[in-house]
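Take a look at the structure set out below.
The values are calculated or read from the model by the stated rules, or taken from the named source; none is laboratory data. Everything numeric here is computed off the predicted structure, so don't read it as measured data. Don't worry about glycine lacking a Cβ; one is built from the backbone with ideal geometry, like all the others, and counts go over all protein chains shown.
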């Protein structure tokens, strides 16, 4: 059932990719690319992304992952599983999302902005299009003031990202982005199964 996924940047001319903490620290990236695989009926794996043109807010201070070119953040490989965000009476109307987390360990990304080391841990949930066969779709991650929308699956505890600057205490962070998922063949997330 393995089927490739291509993730393309849909952010050009729009809002940047943003990682924002609850205290207001923002890392903004101009673009993204990536790929992954569907690994089962409700799972994805080997999801790798590269964020480009990354800096702290609009300061010009570049953020870079170890071994990457300046301004590139390369998160850890991710895996994901579908779940119900909100039950809406009939199953066909349920809001479904995918929870993306590191394939191993808890570190989602590590990078430096000037001399400051930043470690991002945890996972991120975003809503997916349901009950339509699609070869491509827009993928939108929503956050406001460091709080992801949504933060959890129905009946489950919050499952969010945390950002840690150096040795400071980790604080909740949210990621905002818009990308285009392209599948090798048409796929459907069916909310009634």
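Once segment 140-161 is narrowed to residues that are assigned to a strand (DSSP E or B) and surrounded by 18 or more Cβ atoms within 10 Å (Cβ to Cβ), the residue that is modelled with the lowest pLDDT is 141.
Only residues that are surrounded by fewer than 19 Cβ atoms within 10 Å (Cβ to Cβ) and within 26 Å of residue 61 (Cα to Cα) were counted across segment 100-122, and they come to 8.
Can you confirm whether residue 50 is buried (at least 17 other Cβ atoms within 10 Å of the Cβ) and assigned to a strand (DSSP E or B)? Yes, satisfied. Please tell me if residue 97 is surrounded by fewer than 19 Cβ atoms within 10 Å (Cβ to Cβ), more than 24 Å from residue 30 (Cα to Cα) and either at pLDDT 95 or above or within 13 Å of the chain's Cα centre (by Cα) (or both). Considered against the rule, which asks whether it is surrounded by fewer than 19 Cβ atoms within 10 Å (Cβ to Cβ), more than 24 Å from residue 30 (Cα to Cα) and either at pLDDT 95 or above or within 13 Å of the chain's Cα centre (by Cα) (or both), residue 97 comes out as no.
Consider residue 83 carefully, then state whether it is over 19 Å from residue 32 (Cα atoms) and assigned to a strand (DSSP E or B). Taking the combined requirement at face value, the residue satisfies it. Mind checking whether some residue in segment 171-184 is closer than 23 Å to residue 74 by Cα, modelled with pLDDT of 95 or more, touching a strand residue (DSSP E or B) at 6+ places or on another chain (Cβ under 9 Å) and surrounded by fewer than 18 Cβ atoms within 10 Å (Cβ to Cβ)? Yes, segment 171-184 contains at least one residue that is closer than 23 Å to residue 74 by Cα, modelled with pLDDT of 95 or more, touching a strand residue (DSSP E or B) at 6+ places or on another chain (Cβ under 9 Å) and surrounded by fewer than 18 Cβ atoms within 10 Å (Cβ to Cβ).
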